[in-house]
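For reference, the structure discussed in these notes is given below.
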Amino acid sequence: MINTNILALDLGTNTGWAVRRRDGTISYGTEKFQLNKKQHPGQRWINFQHWLHRILESENVHQLVFENVVFGHSSSAANNAYGAFLGFVQACAATRNIECLGVAVPTVKKAWTGSGRADKAAMIEQAKKRGFDPDSDNAADALAILSWAVLQEA
C-alpha cells in the first residue's frame, strides 16, 4: 500500500527530482539553478529555496529522499554547491516536519541497474527500460532514488 507522497532529489546546479504521489502517479524532471553573470551569487540559493518550498507544498510531500554523496564531487565548487543544496533541503524538511533520508550513491545505482558503479548512460537506459523519458541524467538519478525509496516503504 502506498502511504506517502515522496520527493526524491539528485542535488546539484541541475537538480533532478521525482515525486511519487499516494495515487501512484509519478512526475519528474530537472530544475536548473545556474546564474547569469549579472545575478548575485546568492540568487542560486534563493531560487532553489523558492522552488523547493513550492514543490513541497504543491505535492504535499511526506518524505524527502536525496542522494547522499559521501566521497565528494570532482571539484570544490561542486562540493560547496552540494553542501548548500543539502543544507536547504534539511532545513526545509525540518521546518515542515518532513522525514528526510539520504541514500548512498552506490546503493541507488545497484538497486536501479544491478551495479553500484553504473555510469550516467546506464542510469538513463534503465529509466527508459522502466517506461520513463528523463530529460537528463539527473532526472534519471532522481527516478532511481525514488524507486529505492518506494522499495523501502514496502
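Derivation of every value follows stated rules applied to the coordinates shown; laboratory data play no part. These numbers were taken from a predicted model, which means no experiment stands behind them. Counting neighbours? That spans all protein chains shown, and the Cβs are built from the backbone with ideal geometry, glycine included.
Figures for the structure shown
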{"read-out": "Of Gln63, Gln43, Gln126, the one that fluctuates the most in a GNM where the chain has Cα springs shorter than 10 Å", "value": "Gln43"}
{"read-out": "Residue among Asn97, Asn36, Asn138 with the largest mean-square fluctuation in a Gaussian network model of the chain, springs linking Cα atoms under 10 Å", "value": "Asn36"}
{"read-out": "Dipole magnitude of the range 78-154, debye to nearest 20 (Cβ charges: Lys/Arg +1, Asp/Glu -1, about Cα centre)", "value": "180 debye"}
{"read-out": "Unit charges at the beta carbon, dipole of the chain: most positive-side option, Thr107, His62, Tyr82", "value": "Tyr82"}
{"read-out": "Beta bridges by DSSP in the chain, antiparallel share as percent, to the nearest 5", "value": "55 percent"}
{"read-out": "About the Cα centre, charge dipole magnitude for the chain (Lys/Arg +1, Asp/Glu -1 at Cβ), debye", "value": "220 debye"}
{"read-out": "Cross-link pairs Lys37/Lys120; Lys38/Lys120; Lys32/Lys109; Lys32/Lys120 - those with Cα-Cα distance over 26 Å", "value": "Lys37/Lys120; Lys38/Lys120"}
{"read-out": "Over the chain, relative contact order from alpha-carbon pairs under 8 Å, at least 6 apart, %", "value": "31 percent"}
{"read-out": "Cβ-based exposure ranking for Lys129, Lys32, Lys37, in which fewest neighbours within 10 Å come first", "value": "Lys37, Lys129, Lys32"}
{"read-out": "Calculated from backbone phi, Karplus (6.51, -1.76, 1.60) coupling profile of the range 38-45 in Hz, x at Gly/Pro", "value": "8, 8, 5, x, x, 4, 4, 6"}
{"read-out": "Convex hull volume per residue in cubic angstrom - Cα atoms of the range 1-53", "value": "71 Å³"}
{"read-out": "Chymotrypsin sites (Phe, Trp or Tyr not before Pro) within the range 14-116: DSSP coil, no more than 14 neighbouring Cβ in 10 Å", "value": "Phe71"}
